[in-house]
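Working notes, structure below.
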Amino acid sequence: MSAMQKLPRLTPKQESVPVWPACWAVLRRDLLSSLRQRQDLFNPLVFFVMVVSLFPLGVSPEKAFLSEAGAGILWVAALLSTLLSLDHLFRHDFEEGVLEQLLLQPQPLYLIVLTKVFAHWLVTGVPLILMTPLLGLMLQLDGNSIACLCLTLLLGTPVLSFIGAIGAALTLGLRSAGILLSLLVIPLYIPVLIFGTGTVMAAGQGLPITSHLALLGALLVLALTCAPFATAAALRISVSNS
Amino acid sequence: MWQFFHKLGSPKWFYGIAGRLMPWFLVPGLLLLLTGIVWGLAFAPPDYLQGNSYRIIYIHVPTAFLAQACYVMMAAAGLVTLVWRLKLADVFVKAVAPVGAVVTFLALFTGSVWGKPTWGTWWIWDARLTSMLILLFLYFGVIALGNAIADEKSAARAVAVLVLVGVVNIPIIKYSVEWWNTLHQPATLKLTEKPSMPPEMWVPLVLSIVGLYLLFGWLACLRMQTEILHRERRARWVRELVE
């Protein structure tokens with residue numbers, strides 16, 4: 001009796017797709033491949049240092065100017081350096097056909113994109129943040145400002161990577177991708193830059209910075225949740241185009 | 001309903017409809033805009049504080065309204081492109097993006113001309129001006145991306161994604177005067193509240209806003225027709241039309 005009352009299972013049991021092992025594999029692969037192409041790893045960092053050193057030489061080496069503008073200079077340099085490194089984000093995988101395979105995986109593309117961008121941030125964003133205290137000292141920033149600057153970069157550079165990934169995916173495989181990528185992405189970078197430098201300025205004037213940090217955090221959450229969707233859609237378009 | 005959608009997807013059908021609609025946009029649009037501007041520039045009372053310099057509002061506010069509305073319309077069309085793959089939606093985005101860029105530039109330009117006598121400076125880096133500048137950059141990006149991708153279908157979808165991402169900027173523009181302390185004054189006209197100006201000031205403003213929207217509709221129809229002719233240049237009906 002009880003056996004008859006049981007409803008028959010109408011849908012076959014879905015085979016569960018292992019998500020985390022796939023993400024882990026993508027992360028490991030991306031980190032390994034960038035470790036083996038060390039030049040790609042160092043170039044954005046060297047670019048960052050060089051752009052920063054242009055300002056004292058080109059504008060003014062005065063302490064007053066540098067401590068006023070230092071945070072902005074470091075942010076702009078970090079932004080440009082991220083912009084340059086975006087080209088590598090999908091290009092190699094695209095040219096080697098790895099990207100197509102990733103698109104065909106049963107795992108959600110959202111998570112794969114998220115992992116790839118995270119890996120990109122680990123090899124480009126984190127070194128910038130680690131380099132910032134040294135450059136901050138060279139730009140005559142005080143300790144408080146440098147700590148605050150590092151904090152804003154920690155919140156801000158992932159946003160730059162996530163927004164940039166959309167642009168990188170949209171311009172994948174185009175002839176003049178580099179300049180076009182900058183054109184698409186810079187307008188979207190401006191708010192991050194404004195809030196990032198605004199935080200350091202507030203700290204320099206002794207104002208509370210929690211509201212600024214909260215806004216940066218909100219930008220990070222927005223980028224983290226929405227940008228991979230757009231990136232995934234853009235990747236599908238670009239790959240189907242080629 | 002479905003038949004309507006199918007028809008809407010047909011460029012040939014839209015070409016005919018647009019041709020018939022255009023005079024209805026053009027004539028009232030020109031009349032309203034001319035009335036609004038002449039009324040506003042010559043007959044509306046001067047402002048007690050700004051004197052006559054405020055009169056540029058009759059060009060500045062309509063262009064600024066349209067600059068944002070045009071982007072929102074493009075975003076809606078982008079969504080339609082991605083979801084229903086309607087060809088016409090993409091034709092709209094492509095046809096309208098340069099118009100939006102020009103209108104945004106006009107809004108920035110007239111704002112800057114207005115800023116000189118009232119704020120004493122051509123340009124300040126405050127939230128409203130900066131976010132409008134970002135809007136102009138976004139229009140440039142949309143135009144550039146559309147031109148860079150050779151394949152028409154991919155270009156349409158890529159541009160749609162970009163337009164939808166950029167729509168984040170619209171609420172920032174809208175609320176920038178409320179969220180931050182800026183030199184720019186708060187919204188001039190609101191749908192929900194009574195205007196803070198006397199009728200002889202705001203009626204011409206509303207006239208010129210509606211007039212500019214209608215003219216935009218006319219220009220959009222015209223540019224969409226051109227774009228359709230270009231895209232369907234191999235179709236038989238276009239050849240028959242041209243010959």
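Bear in mind these aren't lab numbers, they're just calculated from the coordinates by the rules spelled out. Given the structure is predicted, the values throughout are model-derived calculations rather than measurements. Note: ideal-geometry Cβ built from the backbone for every residue, glycine included; neighbour counts use all protein chains shown.
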Quiz prompt | Percent RCO, i.e. relative contact order, over the range B:1-159, from Cα pairs under 8 Å lying at least 6 residues apart | solution = 21 percent
Quiz item: Which whole-number percent is the relative contact order of the range A:97-242 (Cα, under 8 Å, 6+ apart)?
Solution: 34 percent
Quiz prompt | Positive-pole candidate from B:Ala67, B:Gly78, B:Ile56, dipole of chain B, charges at beta carbon | solution = B:Gly78
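Could you tell me whether the protein assembly as shown comes out rounded, prolate or oblate from its Cα gyration tensor? Rule is a ≥ b ≥ c as square roots of the eigenvalues, rounded for a/c under 1.5, then prolate if a/b exceeds b/c, otherwise oblate.
Details: a/c = 1.91, a/b = 1.13, b/c = 1.68.
Taking the square roots of the gyration eigenvalues as a ≥ b ≥ c, the protein assembly as shown is oblate.
With +1 on the Cβ of every Lys and Arg and -1 on the Cβ of every Asp and Glu, and nothing else charged, how large is the dipole of the range A:37-241 about its Cα centre, in debye rounded to the nearest 20?
140 debye
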Quiz item: Taking the Cα centre of chain A as the origin and placing charges on Cβ (Lys, Arg +1; Asp, Glu -1), which of A:Ser238, A:Leu27, A:Ser16 is farthest toward the positive end of the dipole?
Solution: A:Ser16
Quiz item: Just B:Ser131, B:Ser176, B:Ser196 to compare: in a GNM of chain B, with alpha carbon springs under 10 Å, which one fluctuates most?
Solution: B:Ser196
Quiz item: Between B:Glu240 and B:Asn147, what is the FRET efficiency for a Förster distance of 22 Å, r being their Cβ-Cβ separation, to the nearest 0.05?
Solution: 0.15
Self-check item: Nitroxide proxy distance, nm - points 7 Å out along Cα→Cβ at B:Ser112 and B:Ser53
Solution: 1.7 nm
Practice problem: Choose one answer from B:Met197, B:Met74, B:Met22: the residue with the largest mean-square fluctuation in a GNM of chain B with alpha-carbon springs under 10 Å. | Solution: B:Met197
Quiz prompt | Max mean-square fluctuation residue, GNM over chain A, Cα-Cα springs under 10 Å, options A:Gly72, A:Gly143, A:Gly198 | solution = A:Gly143
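About the Cα centre, and with charges only on the beta carbon of Lys, Arg (+1) and Asp, Glu (-1), how big is the dipole of the protein assembly as shown? Nearest 20 debye, please.
On the way: 32 positive and 23 negative charges, 290 e Å.
In debye, rounded to 20, the protein assembly as shown gives about 1400.
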Quiz item: Picking from B:Gln225, B:Pro171, B:Ala95, whose Cα lies most toward the positive end of the charge dipole for chain B (charges on Cβ: Lys, Arg +1; Asp, Glu -1)?
Solution: B:Gln225
Quiz item: Just how far, in whole angstrom, is the range A:151-197 from the range A:81-99 if you go by their alpha carbon centroids?
Solution: 14 Å
Quiz prompt | Spacing of the two label points (7 Å from each Cα toward its C-beta) at B:Leu222 and A:Gln101, in nm | solution = 5.5 nm
Quiz item: Going 7 Å from the Cα of A:Asn144 in the Cα-to-Cβ direction, what parts of the range A:186-203 have a backbone nitrogen less than 20 Å from that spot?
Solution: A:196-203
Quiz item: Using the beta-carbon distance between A:Glu62 and A:Gln39 and R0 = 30 Å, what value does 1/(1 + (r/R0)^6) give for FRET efficiency, to the nearest 0.05?
Solution: 0.25
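Is there a quick way to get the dipole size of the range B:17-242? I mean about its Cα centre, with the Cβ of Lys and Arg at +1 and of Asp and Glu at -1; what is the value in debye to the nearest 20? Could you put the intermediate results ahead of the total?
Working: 18 positive and 11 negative charges, 144 e Å.
Dipole of the range B:17-242, to the nearest 20 debye: 700 debye.
Full-extension gain between A:Ser176 and A:Leu122, please, as 0.36 nm times their residue separation minus the C-alpha to C-alpha distance. Write down the numbers at each step before the final one.
Details: separation 54, 0.36 × 54 = 19.44 nm, distance 2.69 nm.
The span from A:Ser176 to A:Leu122 would gain 16.7 nm if fully extended.
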Practice problem: Sticking with the crude label model, points 7 Å out along Cα→Cβ, report the distance from B:Val206 to A:Gln205 in nm, one decimal please. | Solution: 4.1 nm
Quiz item: Considering every residue in B:135-148, what mean count of other chain Cβ atoms within 10 Å of its Cβ is obtained?
Solution: 4
Exercise. Quick one: check the C-alpha center-to-center distance for the range B:71-113 versus the range A:117-144, whole angstrom.
Key: 39 Å
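With each run of n ≥ 4 DSSP H residues scored as -39500 (n - 2.57), what mean residue ellipticity at 222 nm is computed for chain B after dividing by its residue count and rounding to the nearest 500 deg cm²/dmol? Intermediate results must be reported in sequence, preceding the final value.
Values: 9 runs with 184 residues, N = 243.
Theoretical 222 nm ellipticity from helices: -26000 deg cm²/dmol.
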